[in-house]
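First up is the structure itself, then whatever we jot down about it.
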Amino acid sequence: MLLTRALAAACVCLSLGAVGGRAQEVGPDPVAPAPAGDTVVGVRTTYYEQVDQGGRDGNPFLREDVVVVEPAILFSTKLDEDVTLSALFSHDYVSAASIDRLQNYPQQSGASGDTYFGLDLGLDVQVDDEVAVGGTIHAAGEADYASGGLSGRVSFAPAPATRVTLSIDVYHDYVRRTRFDGTTDGWSARDTNTLTVWVYRALTPWLHAEVGYSFSRQAGALETNFNAVVLEGGPPNPLLVDQFRGTEVEEDVPDHRLRHAGQVRASLLVRRGTALDLGLSGYADSWGLSSFAVEPGVRHWLVDGVLLVRASYRYMRQDGTDYSADHFRAPPPYHRTQDPDLDSFDLHAVGLKLVWYVSPGWAIDVAGDLGWRSDGLDQRWLGSGVRWEF
Amino acid sequence: MTRGGIQASVVALVCAALAGCRAVDFTQQRDLADPVMTLEGDPLEERFRTKATASREGAVTVGGRGAGGCGCY
């Protein structure tokens, strides 16, 4: 239902844009910094924080504060006119209340953080003027997660001003099942296979858009480490917020998940140096979770060719899984989760980004986002990046 | 998704595609190359946003790997 609404709204927007664009005049050359070379190096660091006010937001029995620091480096270079090599290295340091709680259990070693490293290596080949192919090898790891993956993609132009991209992603991961109390069940496999199609089209000289769809199949150990479900009743539990009367048991979700995602993105030049953009997305899966999001934005040259700003707003509505509930009592259902990220909530978020084109080949940006969730788990992030072309 | 929903989605997709049925000539696409018109953001920033969505929401984004290989938090 939500996915249908998103696609229907996209149809209306694109139709109106195709009509309205005729009223504009073709302006002078666009305001765009000239490309400086065949090699690109990008460095970025992002700070992310989720706030659980006194532990009562989200899951009211457990603290869910999270802080993440994520640096990443991107390198891309043309080996020759038709071949591009790319590499992306990323690292996360996670500090979370769910990890901190493990120190309360004698079985846990006492680690208070989680460290992730990931590396993607890609190769893209322009076969001819209309067809391009590419592939990427993925590898990532952290203390309780190891991942290996392959991606393949093909892009072709079936008509003028149109491009279709098909891609397949295959991941074979291993998760060390770790319960809320730090005990482990050994390593279990988790497979994720995703098929994605994007269709891009220039609709008018001032409006272009792309429509995408992904289908994913996941199988294996799909629970989230450290997650717990609280069965209400019994004596006060000093490990719960406000020493709530409850007993923790582990989360249990199905070992199979089918996921559908759809998205539309469009941008309309309203006058020289200013464009409006709109994003619509819809999602539904076999666990009963569905969501719909709309994200309008505006980009504007504050100083032509030098300083660009983007402001955005995002609204997202999520309806939770069939296994989610705010309250559980013994005996627990076979499949159960109290993860607030799988539950129902609304999100309002505002974002701002500034890009400074320092000189041909150099750009620095700062971007941030504030989000307010109806379940109280507000979030904020701030990132900054440098991009060098030579 | 019901059969009616699937049919409506297909109609919507066709409608969206036909909305610009007259092809834009290559010489008329220069404004589309302006950074204000970009449909995709910085690749490192987009990667973070995709991962944040997969971690903090139940959904995944299109092209977001389906949450595989995710060091999610």
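The values are calculated or read from the model by the stated rules, or taken from the named source; none is laboratory data. These numbers come from a predicted model, not from an experiment. Here the Cβ is made from the backbone with ideal geometry for all residues, glycine too, and neighbour counts use every protein chain on show. Accessible surface is based on the protein model in full, side chains and every heavy atom, while ligands, DNA and RNA are left aside. Shrake-Rupley method; radii C 1.70, N 1.55, O 1.52, S 1.80 Å.
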- Message: Probe radius 1.4 Å, ligands and nucleic acids left out: can you give me the accessible area buried at the A-B interface, summed over both chains, in Å² to the nearest hundred?
- Response: 6100 Å²
- Task: Sticking with the crude label model, points 7 Å out along Cα→Cβ, report the distance from A:PHE89 to A:LEU370 in nm, one decimal please.
- Result: 3.6 nm
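So how much slack lies between A:ARG176 and A:ASP38, counting 0.36 nm per residue of separation and subtracting their Cα-Cα distance, in nm? Please report the intermediate quantities before stating the final value.
Numbers: separation 138, 0.36 × 138 = 49.68 nm, distance 4.16 nm.
The A:ARG176-A:ASP38 span can extend by a further 45.5 nm.
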- Task: Please turn the phi angles of region B:49-59 into ³J(HN,Hα) values with the Karplus equation 6.51 cos²θ - 1.76 cosθ + 1.60 (θ = phi - 60°), one per residue in order, whole Hz, x for glycine and proline.
- Result: 4, 4, 5, 5, 5, 5, 7, 9, 10, x, 8
- Take every Cα pair under 8 Å in region A:194-351 that's 6+ residues apart, average their separations, divide by the length, and report that relative contact order as a whole percent. 20 percent
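Considering every residue in A:202-212, what mean count of other chain Cβ atoms within 10 Å of its Cβ is obtained?
Numbers: counts 9, 10, 8, 8, 5, 6, 8, 5, 3, 5, 3.
Taking the mean over all residues of the peptide, I get 6.
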- Measuring from centroid to centroid over Cα atoms, what is the spacing of region A:228-252 and region A:371-390 in Å? 33 Å
- For labels at A:LEU150 and A:LEU382 in the simple 7 Å Cα→Cβ model, what's the distance in nm? 4.4 nm
- Item | Estimated vicinal HN-Hα couplings, Hz - region A:260-268 in sequence order (Karplus 6.51, -1.76, 1.60; Gly, Pro = x) | 10, 9, x, 8, 10, 10, 9, 9, 10
- Query: Want the number for A:HIS256 to A:PHE117: 0.36 nm per residue separation, take away the alpha-carbon distance, what's left?
  - Reply: 47.4 nm
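Quick check: residue separation of A:LEU79 and A:SER359 times 0.36 nm, minus the Cα distance between them. What number comes out in nm?
Values: separation 280, 0.36 × 280 = 100.80 nm, distance 2.47 nm.
Length gained between A:LEU79 and A:SER359: 98.3 nm.
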- Message: Using the Karplus curve 6.51 cos²θ - 1.76 cosθ + 1.60 with θ = phi - 60°, what ³J(HN,Hα) values do you get for each residue of region A:317-332, in whole Hz, with x for Gly and Pro?
- Response: 10, 10, 9, x, 5, 6, 9, 8, 7, 7, 9, 10, 10, 5, x, x
